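Structure record follows, encoded as structure tokens.
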Amino acid sequence: MDNAGALAPINETLGEYSQLFMLLAAMVYGVVFIIFALDLAKTNKSISEMDSQALKRDEELLVSAGSAAVGTKARARRGAAARADNVGEHIVTYKMEYTQLSSKRPMARIAVVLMWLAAVLHGGAVVSRAMAAHRVPWGNMYEFLSTGAFLVALVYLLVLIFKDLRFMGSFISGLVTLMLCGATIGFPTPVGHLVPALQSPWIVIHVSIAVLASALFAISFAMNVLQLIQHARMNRLAAGQKDKLPFMRVVPGAGALENFAYRINTIAFVMWTFTVIAGAIWAEAAWGRYWGWDPKEVWSFVIWVVYAGYLHARATGGWTGPRSAWLSIIGFLCVVFNFTIVNIFFDGLHSYAGV
Amino acid sequence: VNHDPGKLPIGISSALALIGLSISLFTPRRRVWVKLKNEDGKRSIEYALLARGEDPRLEREAAELQKIFDKAWPLASQEQNQGAVNG
């Protein structure tokens with residue numbers, strides 16, 4: 001099979017530029033991660049300042065009322081307690097729209113602007129790599145990771161236009177940085193042609209949708225983790241215990257997170273279904289059978305079943321709250337397992353990936 | 001290499017499966033009750049909406065219904081009573 005001879009030559013200079021841009025993007029993402037973390041810490045501080053000011057006002061009220069009557073004093077104290085309850089309220093509405101305090105976050109604004117810059121660098125790197133190799137930029141582990149990371153960042157930034165998801169900023173930028181580092185350190189691959197098994201138009205459809213679905217699963221995974229933390233925190237507050245994680249007030253309530261994660265998961269699930277079907281059709285064209293219980297096929301099916309279970313549990317079984325969050329988290333862990341362990345260690349027909 | 005007559009049915013059925021899945025996941029399920037009463041020449045319309053699960057667009061749907069009712073039965077004096085339930 002002398003296909004490679006017919007392929008256009010690799011543009012290696014452009015490939016090196018692509019790697020340079022990838023590194024630059026990773027660095028900017030790293031900075032974005034730090035700024036988002038600082039924003040959370042600062043929000044944490046300004047929230048506790050607001051709280052202590054509110055408490056002080058109540059104290060003053062208490063002192064001025066103190067001379068009047070004992071009964072008033074008790075009432076004022078109750079007022080202070082009620083105010084302390086309000087402290088547990090969220091700064092983001094359940095529709096995740098910007099509220100007054102949440103828009104006064106200069107650090108977060110800087111982080112978003114920088115993240116757009118990083119995404120532009122990143123997009124340039126991905127596109128120039130594709131141009132250097134004259135093919136789609138998803139043919140090996142390095143490219144799955146770098147293109148997948150780009151999609152995670154891009155989807156996040158696009159949703160950010162409509163919804164205030166800045167509370168997820170440090171998670172997303174951290175994840176993207178990690179993926180880029182993993183690509184560069186774990187699977188350094190110079191620009192090259194596709195292995196013959198992947199030289200098919202199906203790679204454009206099957207893999208692109210698979211990567212996009214995985215990016216969406218990653219975002220809903222982040223929301224479900226936050227949902228669990230928020231749920232535990234709300235329970236603690238309801239039990240009258242101290243708020244250990246005041247910065248979680250920037251994060252919407254557990255119910256809002258759950259619903260948003262569900263909506264993303266439904267979209268990603270349809271995409272994953274398409275991925276499996278397209279994969280089977282490609283397998284038929286390439287290997288003469290739709291389904292052969294190859295490890296990759298098995299695990300793609302496992303992922304499909306877990307997310308199908310998640311959707312069913314929510315729709316018909318009434319499994320909401322932490323239980324549905326756990327199902328979605330297990331689903332994402334399967335996605336990660338399928339991508340890393342199955343690709344690297346399992347012998348199968350999907351052992352391409354330049355490993 | 002060989003002829004496989006199953007290809008077309010497989011293509012059609014998998015496309016249908018995907019379409020069906022999308023419809024079942026992305027169509028909001030809403031129910032509406034409308035009650036018309038005619039008592040001593042006084043006519044009243046009551047209606048209620050119920051969504052399955054959370055549905056942030058239910059209120060807009062209610063406003064649309066209100067418009068339709070207003071067009072169908074223009075009232076001299078309106079006493080509005082509407083409710084939208086997310087459940």
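Cα-Cα over 20 Å: which of A:45/A:242; B:35/B:71; B:35/B:67; A:163/A:244? Can you show the working numbers first?
Values: A:45/A:242 16 Å; B:35/B:71 17 Å; B:35/B:67 16 Å; A:163/A:244 26 Å.
In this structure, A:163/A:244 exceed 20 Å between Cα atoms.
Just by accessible area at a 1.4 angstrom probe, what is the order of A:220, A:48 from largest to smallest?
Values: A:220 0, A:48 60 Å².
Of A:220, A:48, the descending order of accessible area is A:48, A:220.
Would you check the accessible area of residue A:151, probe 1.4 Å, heavy atoms only, in square angstrom rounded to 10?
40
Going by amide H atoms built from the backbone, whose H comes under 5 Å of the H on residue A:200, apart from near neighbours?
Amide H neighbours of residue A:200, under 5 Å, 5+ apart: none.
Can you list, bin by bin at 5 Å, the percent of alpha carbon pairs in region A:132-227, starting at 0?
Each 5 Å bin holds this share of Cα pairs: 2, 13, 22, 22, 17, 12, 7, 4, 1.
Provide the net charge surrounding residue A:157, with neighbours chosen by a C-beta distance below 14 Å and charges set as Lys +1, Arg +1, Asp -1, Glu -1.
On the way: positive: A:109, A:163, A:166; negative: A:164.
Every neighbour counted, the sum reads +2.
Sorting A:45, A:242 by accessible area (1.4 Å probe), largest first, what list results? Display every interim value, and only then the final one.
On the way: A:45 130, A:242 165 Å².
Largest accessible area first, the residues go A:242, A:45.
Based on alpha-carbon centroids, what's the gap between region A:231-269 and region B:9-38 in Å, whole number please?
One Cα centre to the other: 30 Å.
Partner chain Cβ atoms within 10 Å, averaged over the residues of A:303-316 - can you pull that number for me?
Numbers: counts 0, 0, 0, 0, 0, 1, 0, 0, 3, 0, 0, 1, 5, 0.
Partner-chain Cβ atoms within 10 Å, mean over residues of A:303-316: 1.
Can you compute the modelled spin-label distance between residue A:326 and residue A:181, with each label point 7 Å from Cα toward Cβ, in nm?
According to this spin-label approximation, the distance is 3.1 nm.
Per residue of A:274-283, how many C-beta atoms from partner chains lie within 10 Å of its own C-beta, taken as a mean?
Mean shielding count: 2.
For residue A:46 paired with residue A:8, estimate the spin-label separation in nm (one decimal), with each label point 7 Å from Cα along the Cα-to-Cβ line.
About 4.9 nm separates the two model spin labels.
Using a 10 Å cut-off on Cβ to Cβ distances, tally the other chain neighbours for every residue of A:265-271 and report the average as a whole number. Walk me through the numbers before you get to the answer.
Numbers: counts 1, 5, 3, 0, 3, 7, 0.
Per residue, the average neighbour count from other chains is 3.
Ranked highest first by average number of other Cβ atoms within 10 Å, how do A:9-18, A:209-218 line up? Spell out each step's value before the answer.
Details: A:9-18: 15.1, A:209-218: 23.1.
Listed from highest to lowest mean packing, they are A:209-218, A:9-18.
Got a sec to turn the phi values of region B:26-37 into Karplus ³J(HN,Hα) couplings, 6.51 cos²θ - 1.76 cosθ + 1.60 with θ = phi - 60°, whole Hz, x for Gly and Pro?
Values per residue, Gly and Pro as x: 9, 8, x, 9, 10, 10, 10, 10, 10, 10, 9, 10 Hz.
The values are calculated or read from the model by the stated rules, or taken from the named source; none is laboratory data. Just so you know, these numbers come straight off a predicted model, no measurement behind them. Here Cβ is always computed from backbone atoms with ideal geometry, including for glycine, and neighbour counts include all displayed protein chains. Surface accessibility is based on the protein's heavy atoms, side chains included, excluding ligands, DNA and RNA. Shrake-Rupley method; radii C 1.70, N 1.55, O 1.52, S 1.80 Å.
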